[in-house]
């Protein structure tokens, strides 16, 4: 399922600040905030599905940038897509990735 929200510039900037601080995407921060705001917890399968969906979105965006010849943006989107797919696998296994060292737990 996909949902688009219109948010204020101030809220967007706050999400951007938090995402940079945490080293994750804005979408991840927004998703966590929505769940917390609703008093819900993301179970591992929901988290994996969310990461998978974001990965697919980034992959499609990379394809678009590549078609336009913007290989820098395409590579950044591909990097994000791969990172989110790794997070999806980790979430399925109920592993939280907070650093590159955590990735060794997946092997």
Looking at this structure, is residue 30 over 20 Å from residue 94 (Cα atoms) and modelled with pLDDT of 95 or more?
no
Which pairs turn up if I take residues in segment 22-41 that are outside the structural domain of residue 82 (by TED's automatic domain parsing) and look for partners that are assigned to a helix (DSSP H, G or I) and exposed (fewer than 14 other Cβ atoms within 10 Å of the Cβ) with beta carbon separation below 7 Å, at least 6 apart in sequence or on another chain?
26/16; 29/22
If residue 2 satisfies every condition in (1) over 14 Å from residue 84 (Cα atoms); (2) in the same structural domain as residue 95 (by TED's automatic domain parsing); (3) surrounded by fewer than 14 Cβ atoms within 10 Å (Cβ to Cβ) but one, which is the exception?
(2)
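The values are calculated or read from the model by the stated rules, or taken from the named source; none is laboratory data. Note that the structure is predicted; figures quoted are calculated from it, not measured. As a convention, Cβ positions derive from the backbone with ideal geometry for all residues, glycine included, and neighbour counts pool all protein chains shown.
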